[in-house]
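Each value in this text was obtained by applying a stated rule to the coordinates, not by laboratory testing. All values reported here derive from a predicted model rather than from experimental measurement. Heads up, the Cβs are rebuilt from the backbone with ideal geometry, glycines too, and the neighbour counts pull from every protein chain shown.
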Amino acid sequence: MHVGFIIRELTEEEINHKCLYVFEKDRILFPNTGVLFFVESYEETYGVRIDQDGFLRGLETWFTKYPHNPGDTIIIAKTSESFSLSSSSELIQQIIGESYEKVRVDEMDEKSEACPNCQYQLEMAAKKEERIIFKCARCGFTMVRKIKDNENEED
């Protein structure tokens with residue numbers, strides 16, 4: 001269940017110190033000062049606490065992994081089970097990365113048998129109805145290819 005959220009712009013001071021300031025009126029959403037709690041981001045979970053000055057500490061890795069600019073919008077959401085954190089820079093970087101990955105896979109040669117991630121030989125893992133499933137033994141990449149009517153099926 002959604003409990004509350006904070007949406008606001010990052011300041012240069014927050015970026016330089018790699019922490020987030022929580023306004024007095026918003027602190028009711030968080031545990032007491034000094035209590036460790038966890039905040040989930042896109043790929044990771046961070047152990048965070050609010051210090052005496054109202055700053056969320058423990059986000060150094062998040063700031064380093066997703067470089068931010070002053071004026072970026074941050075979103076901190078609280079549900080009944082957890083906290084989540086994202087920023088406009090982080091979301092844009094994820095969208096660009098996912099778009100790049102989709103284009104890269106879409107541009108693979110139809111007869112290519114090399115993994116787009118590591119160039120290792122893809123192996124046929126299964127054949128189901130009108131689809132062939134290929135899997136990379138090295139990195140685990142999975143590709144599903146539809147069998148065309150004019151394509152010769154190998155048994």
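Structural remarks
- The set of residues in segment 124-141 that are in contact with a strand residue (DSSP E or B) (Cβ under 7 Å, 6 or more places away or on another chain) and loosely packed, with under 12 Cβ neighbours inside 10 Å comprises Ala126, Glu130, Arg131.
- Picking from residues in segment 42-58 that are outside any loop (DSSP other than H, G, I, E, B) and over 14 Å from the mean Cα position of the chain (by Cα), the one that is surrounded by the fewest Cβ atoms within 10 Å (Cβ to Cβ) is Gly47.
- Residues satisfying the stated conditions in segment 15-27, i.e. within 16 Å of Arg49 (Cβ to Cβ), aliphatic (A, V, I, L, M) and part of a helix (DSSP H, G or I): none
- One residue stands out in segment 59-81 among those that are of a type in the set (Gly, Ala, Ser) and under 20 Å from Cys19 (Cβ atoms): the one that is surrounded by the fewest Cβ atoms within 10 Å (Cβ to Cβ), namely Gly71.
- Hits in segment 63-77 - residues which are touching a strand residue (DSSP E or B) at 6+ places or on another chain (Cβ under 6 Å) and of a type in the set (A, V, I, L, M, F, W, C): Ile74, Ile75, Ile76, Ala77
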